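Read the structure below first, then the notes.
The values are calculated or read from the model by the stated rules, or taken from the named source; none is laboratory data. Please read these numbers as outputs of a predicted model, since none were measured by experiment. Reconstructed Cβ throughout: ideal geometry from the backbone, glycine too, with neighbour counts over all protein chains shown.
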Amino acid sequence: MVIDYLFEAGGLVMLPLLGFSILALALIIERSTFWFRINRRQTRVVRDVLNLYRHNNVVGAMSKLQKNTDLPISRIFLAALELEEATPEEFRLALESEAQAEIPLLKRFNSVFETIVSLAPLLGLLGTILGLISSFASLKIGDVSGSKTTAVSAGISEALVATATGLIVAIFTVFFANAFRAFYQRQLAQIQQYGGQLELLYRRRYERGDKYYAPTR
């Protein structure tokens with residue numbers, strides 16, 4: 001089988017490379033599901049909440065947020081809106097502190113992706129070096145017969161399988177890691193944008209003297 005051939009040709013480093021590929025695939029599926037859920041619903045939810053709040057339907061806005069607490073920005077908004085009689089400064093600090101608390105969730109597994117991208121090519125190179133050492137060790141000095149040189153050539157060709165595998169794992173991982181990093185940067189920008197809009201609406205309500213006490217959960 002092809003897999004058996006690859007493991008035999010690549011040597012011992014194929015086992016950790018297989019582990020890296022499985023780990024990367026599992027994390028890619030998890031992060032893809034996470035960002036798909038956010039990108040599919042968040043804009044609509046935030047616009048509805050801001051529209052409700054703009055028209056003084058604070059209870060409706062809170063209810064909408066509580067139904068979508070799986071979205072980071074909903075949790076950020078709730079942390080600020082649930083404060084009782086907060087000043088605009090306190091409201092802003094609540095938004096900022098909750099946004100900071102959400103960052104680890106948004107950046108989750110980034111360090112794991114970076115580790116895989118860094119180590120996979122090095123493991124592939126290590127497999128190639130070990131394969132070359134093994135190939136040349138079988139060739140004695142002065143022995144240049146056709147069968148020996150053919151064996152060495154075949155060994156070199158097989159040793160390169162490890163490097164190719166390491167590069168494939170790294171390239172596959174870095175493609176998705178960069179996509180998730182772009183989603184993270186976009187999410188931060190949206191949190192700042194929508195958070196600023198909510199803060200402005202709250203400041204206007206505060207200056208008008210509107211009172212609102214957040215309902216308990």
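List every residue pair whose Cβ atoms sit under 6 Å apart, with the two residues 6 or more apart in sequence or on different chains, where the first one lies in the stretch 185-200 and is assigned to a helix (DSSP H, G or I) and the second, anywhere, is among the basic types (K, R).
Here the result reads E199/R92, each pair linking the stretch 185-200 to a residue that is among the basic types (K, R).
Out of P104, P72, report the one residue that is in contact with a helix residue (DSSP H, G or I) (Cβ under 6 Å, 6 or more places away or on another chain), modelled with pLDDT of 85 or more, of a type outside the set (A, V, I, L, M, F, W, C) and at negative phi.
P72
Can you report the number of residues in the stretch 74-95 which are under 21 Å from Q42 (Cα atoms) and either aromatic (F, W, Y) or under 22 Å from the mean Cα position of the chain (by Cα) (or both)?
4
Check the stretch 57-73 and report whether any residue there is under 27 Å from the mean Cα position of the chain (by Cα), of a type in the set (D, E) and closer than 30 Å to V13 by Cβ.
For the stretch 57-73, residues under 27 Å from the mean Cα position of the chain (by Cα), of a type in the set (D, E) and closer than 30 Å to V13 by Cβ: absent.
Filter the stretch 85-109 down to residues that are assigned to a helix (DSSP H, G or I) and polar (S, T, N, Q), then give me how many there are. Break it down into steps so the answer makes sense when it comes.
Taking the stretch 85-109 and keeping what is assigned to a helix (DSSP H, G or I), we get 88-106.
Narrowing further to those that are polar (S, T, N, Q): 97, 100.
Total satisfying the criteria: 2.
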